[in-house]
Each structure stands twice: as structure tokens, then as C-alpha cells.
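The values are calculated or read from the model by the stated rules, or taken from the named source; none is laboratory data. If you're wondering where the values come from, they're calculated on a predicted model, not measured in any experiment. Cβ atoms come from the backbone with ideal geometry, glycine included; neighbour counts cover every protein chain shown.
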Amino acid sequence: MSATINGTTQEARVAVNCKELTKTFGTGNAAVKALRGVNLEVRSGELLMLVGPSGCGKTTLISVIAGVLRRDEGDCKIFDQDYNRMSEDDTTEFRGVNIGFVFQAFNLIPSLTTAENVGTPLIINGMKPRAAVSKAREILVQVGFDERMMSSLPTDLSGGQQQRVAIARALVHQPRLIVCDEPTSALDGETGHKIMELLHTLGRGEGRALVVVTHDSRIYEFADRIAAMEDGRITQVVDSASQLKPMQKKTD
Amino acid sequence: MNFIALKMLFGDRAKYLGIVIGLTFASLLITQQSAIFAGMMTRTFSFLSDVALPDIWVVDPQVKYIDDIRPMQDTEVLRVRGVEGVQWAVPLYKGSLAMRRTDGTYQSCVVIGLDDETLMGGPPTMVIGKLSDLRRSGGVIVDATGAAGKLAHIQPDGTRVSLKVGDEMEINDNHSVVVGICKVTQTFQANPVIYTTYSSATSFAPSQRLLLSFVTVKAKPGQDLNALCRRIEKATGLRAYTRDEFKMVTFLYYLQYTGMPINFLTAVALGFLVGVAISGQTFYNFTLDNLRYFGTLKAMGAKNGMLLRMILLQALVVGGVGYGLGVGAASAWGMLISGRTQLAFRLPWHLLVVSAVAVLVICLSSAALSIHKVMKLEPAVVFRS
Ligand SMILES: Nc1ncnc2c1ncn2[C@@H]1O[C@H](COP(=O)(O)OP(=O)(O)OP(=O)(O)O)[C@@H](O)[C@H]1O
Ligand SMILES: [Mg+2]
């Protein structure tokens, strides 16, 4: 893949490139046009925040970008690869290698320990559980976990701790794109801030891009760029929150 | 992924136990019921199993199964002996006669009269005494279960005293004396079995005009048994069965003309339904509970094939554990119960295979539902809360 060659080619600097992307749910009267022609570029190395009112299509957009949802029309290249040219299984495998996920509801598997949860992407990619767990432990140290917390179950952890586990899980296999859907909205302000700090320091790196969907204006400071979305379209892309023009609809 | 699948399964202890208990119950019920059925069915031809030496049994053409006794002329023995390929042929009497207990009540017994000369067809195991003691006048050998049970003397205080060697008894008002105790395979009717000689049997049952129940035949070495049967039938106009044929005919008769298969099938179906209802449903619920995590795994790169193998593994593990416990419990029950009672219980490996298949069907069908659900799952659900 050209994208892996030391970051000098054009493709390497562009992690995600969407053009006139559309997605409609349902048909006929019930049809909901979630994406109405999205144009968006996410650069390698940046943390891009996707903001906008409820129902404007943010989750739909990152679902298409992450390869868990098929687009209807338009173009969408992820590191110069097109999901529409891949089989179902190849798409899944591509996600396993290249995408990291962080969810609002954490989605940690309750019967796996913290370290086993973090090791899961490696196991999916074929690593033996023992090796995966020891790799997971290394990264859990980076998010501030001690031995005891590594062998505890998710239910024994606070929300902030669970989200730190989820971030470790999204990073452990060194994916090139990390998508986060409202990673802080289940957490209180201070915890959310710490989580963003963690994502910002550990997640950003050479050749890796982060797309963070959020409602929370208190974390805008962690964005390299902010893309505002309204009614299924990207309406503005700015470098800092202060440049954001007021939206037609209010962000709640 | 096996690691994750098993952790998921054992992690939900309540559901895991529920599924395993359901499957244990199902395999216990299926195994136990079919073992009882098999036991009952082998008892229908237990007499044929005990009299192991003859190759061929010759009976009246009307006879439909072993207990369907239609006496023949004594001279038929001689006619059978004349058929080419017959090494020896001896008469055998089998009938039901009333034995009078000391308290005046009667007990119906299976009386077997053996050829006086050869004593061919005797009990498989002697416990006390020798078979040749039958030659003493009025001598009978009684089966141990009958001696300790239905034939035992009941004392005035209610205790039972087993019939023992030297005891006298009356069969059809004929005086006889116990000269031995033997062991026989339990019969279907579970009546006591009494061995005597053919000539004694004649005197026990004087009112019967004809006494010859069977002519048992040993073929000369190297004979084709089926061909020999046909020759005997041609020469005598009787019906000749090989031992296995006669067993099968008897077995099929009971299968067809008693309600047992229905009972048995009902019980097995019930076990199966219990398995499906409890375990199948719980397993499906278990998958539904974990749907969110299957979706997460899918999003994180787990292909459908991996998830399919995970669910299959989970199903096979609960199936294996449930089957093991169920079959173990059934065998333990069988050992316990058949040691103490006269209940028929036979657990040949075929039945283990049958219940294994039944459990497998339950597991795989519930797994199929779960797999269908997970295969169809859109990974995009992971972002919906
Ligand atoms: N699977 C679906 N089926 C039908 N309609 C859907 C589906 N997913 C999303 N929609 C609709 O598409 C539109 C965009 O939804 P989406 O979840 O992308 O918005 P969002 O910007 O993430 O909103 P929120 O901030 O509330 O999470 C909404 O009107 C939603 O109801
Ligand atoms: Mg959303």
C-alpha cells in the first residue's frame, strides 16, 4: 500500500477522503437521508472532531468511514482503499488491522478481564491469547493501570477507567485510524477531560488519524481541526473552536 | 477466539448452568428411558439368550414369538433328527404352571423341561447344586430371584425366607423338591423360572395332551443355517428359525403388539423437548445477551466464520458437559436400580450414540438460531446505544 511508505506520498498524508458521500436509511415515505453529500478529508497525524446537532449524521458518517456501514453513493477512500471494492470478509479484516474503535458505552466484554479485553483486537488478528494479554498489559501501564486493575472485570471499574481500557483496546494493535463516537458523554466533565488528554497524547502519532464525534464543547481544545456537520453535510472545517460560525440549528 | 468464546460462556454462570442442566436432564431422560426400553426388549428373548447352544429352534408354524407356545407331537423330534445336516435335536418344554406356596396361595411359574438324557437348555449359571441333580425324582432347580422373591415362604410375622435346596414344593399338585438354585436372565413377565426334566414336566402337566414346545437343533459344523432351516421346514412342515431370527421375530412382535414403543417414544420425545425448551432457549438468550459484544467483535475485525466457530464451540461445550453428566447420571441410576430391583436396564454403546446424537441435534439447532442472528448482525449497531 502506498500509504505505508514513510509519509511522503500524497495518499499518506490523507487518511480519509470522502466526496459527495450519501446514505439513506429506509425507503419511500420512511426514508431518512442521513448523509446528503459529505465532503471531508482527514489527514494522517491529526485529531479531527466531528461536531453538530443531534441527528445530523455524525454517527452515520463515522460508521461509513470505519467500514461498518456501506455508503450509497459518492466516494470514500481510507488510506487509498475503498470498502466498496472489498468483499465482506476483506472489509472486516481491513477493520481488524487498520481501525480502532472507542464507543460511548465502552462495549467491554463483561466476562473478560481488563487485560483480556485490551488484548482482544490482537487475538482477532491471530495472536495467541497469552501473548496478546502480555502486550495488552504494556499498553495498560501507559493508560495508568496497575496489576490489580488489569485483572479486574470491567464491572468493577468506574466509567472513566472503563473508557481508558477502551482506549487501550483501540490502540493495542496500532491501527492507522481511530474512530470515537462521543467518548466522553457518559463521563463527568473532569473525567472526560482526562480521557481526551489520554487520546490526544497516546492516540495521535505518525501516520495515524483520529476522528472524534462529540457534543461536548469543553473538549474542543484537543482538536487539531473541527468539522461541523448539519443536516447530512459538512458545513465548515476550522482549525479551532473560536473560528466556528454559529450553526443554523443549536448543538445541544 | 476460542479463548474468548469460552470466557464468555463460563462468565455467564447462571445461563451456563441453566443450559447444562437442561441438556443433562434431556440426555438423562433419553438415555435412561431407552436403556429401560432396551432392557425390556432384551428380556422378551432372554430365554433365547440363556439357551445358547442350539443353532436352530423348530416350532409349530403358527408360533409368532418365543412365549407363544403351541405344543407339537413328541415324534417331531425324531423327524427333525432325520434331516440332513442336523448334528443333534432335543425336545424342550416350556410352559406356565401354578406352584402352590406353603400358605396355600398359588404362584404362576415358568416351567422348563429339559431333555432327560442331555439336559440341553439348562440355566446359564448354577448358584447352588448341579444341573445333573435334576435327574433325581421330582427334582427342580429354581432361579435365585424367584427363590428369594415370589417363591419365598412368608412367615406368620411377615418376614420372607428364601426357598432353599431341600425345600419341597407342589407344582400342579405334584410333589417336587428343590435340588438347586440358578441364575437366569430376567424374563419379560418376571415370573419365577423352574427347571425340571422333560419327563417330570410331563407329569407336572398331565392334562396337556401335547408337551413339546420346541425342538432345539445343533447343526453339523460348516452347515449353512438358513439352508438347514429350509430343509427342516420342508421335511417336517414345521417352522425353523435360527436363534437370531427367533430373537428378532420375538422382539418385533413385542414392538408391534405392545404399547411399549409408544411409551418409550413419548418419554424420549419429552426429554428432547425439555432439552430444546430449556437449553435451546437459554442458549439463544445467552447469544442475544451477548449480541452487543458479538457486534463489537465484528466491528473490531472478527469475521463471520470466527463468530460461527465461537458459537459452535460454546454449543459443543455445553452439549459435551450436559451429555456427560446426563449419561453419567443415567448409568449411575441404572447400576443402583438394577442392583436392587428387577427393573430392566441395558445400556449398550448404541444407546450412548443415540443420546449423543439427540444432544448434538439440540445443541446444533439452538446454535443455528444463534449463528443466524449473529451472522445477520450489522456491525454498525456498535455505535447505537
Ligand atoms: N439504522 C438506521 N435506520 C434508520 N434511520 C437511521 C438509522 N441510523 C440513523 N438513522 C437516522 O439517520 C439520521 C442521522 O443519524 P445519526 O445517528 O448519524 O445522527 P448523529 O448525528 O449521530 O446524532 P446523535 O448526535 O444524536 O448521535 C437520524 O435521523 C437517524 O434517525
Ligand atoms: Mg450519534
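Scan (1) closer than 15 Å to A:I99 by Cβ; (2) assigned to a helix (DSSP H, G or I) for the single condition A:T201 breaks and write down its number.
(1)
I'd like the full set of residues that are away from ligand 1 (no atom under 16 Å from the Cβ), touching a residue at least 40 places away in the same chain (Cβ under 8 Å), buried (at least 19 other Cβ atoms within 10 Å of the Cβ) and of a type in the set (A, V, I, L, M), limited to region A:196-216.
Hits for region A:196-216 are A:L198, A:L199, A:A209, A:L210.
In region A:84-100, is there at least one residue being within 12 Å of chain B (Cβ to nearest Cβ) and within 16 Å of ligand 2 (Cβ to nearest atom)?
no
List the number of the failed condition for B:T31; all other conditions in (1) hydroxyl-bearing (S, T, Y); (2) surrounded by 20 or more Cβ atoms within 10 Å (Cβ to Cβ); (3) under 30 Å from B:G222 (Cβ atoms) hold.
The single condition B:T31 does not satisfy is (3).
Scan region B:306-313 and tell me whether some residue there is crowded, with 16+ Cβ neighbours inside 10 Å, more than 14 Å from chain A (Cβ to nearest Cβ) and not in a helix (DSSP H, G or I).
no
Between residues in region B:138-167 that are without any contact (Cβ under 8 Å) to a residue 12 or more places away in the chain and residues that are small (G, A, S) and assigned to a loop (DSSP other than H, G, I, E, B), which pairs lie under 9 Å by C-beta distance while being six or more apart or on different chains?
B:A152/B:S162; B:V161/B:A152
Taking the stated definitions as given, is A:L112 more than 16 Å from the chain's Cα centre (by Cα), crowded, with 21+ Cβ neighbours inside 10 Å, within 14 Å of another protein chain (Cβ to nearest Cβ) and part of a strand (DSSP E or B)?
Taking the combined requirement at face value, the residue does not satisfy it.
Given (1) part of a strand (DSSP E or B); (2) away from ligand 1 (no atom under 15 Å from the Cβ); (3) under 22 Å from A:A66 (Cβ atoms), identify the lone condition not met by A:Q236.
(3)
I'd like to check something: does region B:328-341 contain any residue that is away from ligand 2 (no atom under 16 Å from the Cβ), touching a Gly at 6+ places or on another chain (Cβ under 9 Å), in the same structural domain as B:A267 (by TED's automatic domain parsing) and more than 13 Å from B:I19 (Cβ to Cβ)?
yes
What single numbered condition from (1) under 34 Å from the mean Cα position of the chain (by Cα); (2) surrounded by fewer than 24 Cβ atoms within 10 Å (Cβ to Cβ); (3) over 30 Å from B:D143 (Cβ atoms) fails to hold for B:V318?
(2)
I need the full set of residues from region A:82-104 which are of a type in the set (A, V, I, L, M) and buried (at least 19 other Cβ atoms within 10 Å of the Cβ), in order please.
Of everything in region A:82-104, those that are of a type in the set (A, V, I, L, M) and buried (at least 19 other Cβ atoms within 10 Å of the Cβ) turn out to be A:I99, A:V102.
Go through region B:348-385 and give me each residue that's away from ligand 2 (no atom under 16 Å from the Cβ), within 14 Å of another protein chain (Cβ to nearest Cβ) and free of Cβ contacts under 8 Å to residues at least 60 places away in the same chain.
B:K376, the sole residue that qualifies.
Let's see how each residue does on (1) away from ligand 1 (no atom under 16 Å from the Cβ); (2) assigned to a helix (DSSP H, G or I); (3) in contact (Cβ under 8 Å) with a residue 40 or more places away in the chain; (4) touching a His at 6+ places or on another chain (Cβ under 9 Å):
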| residue | (1), (2), (3), (4) |
| --- | --- |
| A:I167 | yes, yes, yes, no |
| A:A170 | yes, yes, yes, no |
| A:Q174 | yes, no, no, no |
| A:I226 | no, no, yes, no |
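If you take just the helices (runs of 4 or more DSSP H) that sit entirely in region B:43-151, which of them hold at least 2 residues that are modelled with pLDDT of 85 or more and either buried (at least 20 other Cβ atoms within 10 Å of the Cβ) or touching a Ser or Thr at 6+ places or on another chain (Cβ under 9 Å) (or both)?
B:76-81, B:144-148
If you take the residues in region A:37-75 that are under 25 Å from A:G96 (Cβ atoms) and of a type in the set (S, T, Y), which one is farthest from ligand 2 (Cβ to nearest atom)?
Checked region A:37-75; the qualifying residue farthest from ligand 2 (Cβ to nearest atom) is A:S44.
Considering only region B:1-42, how many residues are within 14 Å of chain A (Cβ to nearest Cβ) and part of a helix (DSSP H, G or I)?
14
Hey, does region B:289-304 have a residue that's touching a Leu at 6+ places or on another chain (Cβ under 8 Å), aliphatic (A, V, I, L, M) and under 22 Å from B:G11 (Cα atoms)?
Scanning region B:289-304 turns up at least one residue that is touching a Leu at 6+ places or on another chain (Cβ under 8 Å), aliphatic (A, V, I, L, M) and under 22 Å from B:G11 (Cα atoms).
Condition check: surrounded by fewer than 19 Cβ atoms within 10 Å (Cβ to Cβ) and either among the aromatic types (F, W, Y) or under 24 Å from the mean Cα position of the chain (by Cα) (or both). Does B:E245 satisfy that?
Taking the combined requirement at face value, the residue satisfies it.
Do we find that B:L336 is in a helix (DSSP H, G or I), modelled with pLDDT under 90 and away from chain A (no Cβ under 14 Å) in this structure?
Here the answer is yes, as B:L336 does meet what is asked.
hydroxyl-bearing (S, T, Y), surrounded by 14 or more Cβ atoms within 10 Å (Cβ to Cβ), within 14 Å of chain A (Cβ to nearest Cβ) and in a helix (DSSP H, G or I) - does that describe any residue in region B:289-304?
Yes: region B:289-304 contains one or more residues that are hydroxyl-bearing (S, T, Y), surrounded by 14 or more Cβ atoms within 10 Å (Cβ to Cβ), within 14 Å of chain A (Cβ to nearest Cβ) and in a helix (DSSP H, G or I).
Are there strands (runs of 3 or more DSSP E) fully within region A:9-81 with at least 1 residues that are within 14 Å of ligand 1 (Cβ to nearest atom), surrounded by 21 or more Cβ atoms within 10 Å (Cβ to Cβ) and not charged (D, E, K, R)? List them.
A:14-25, A:32-43, A:47-51
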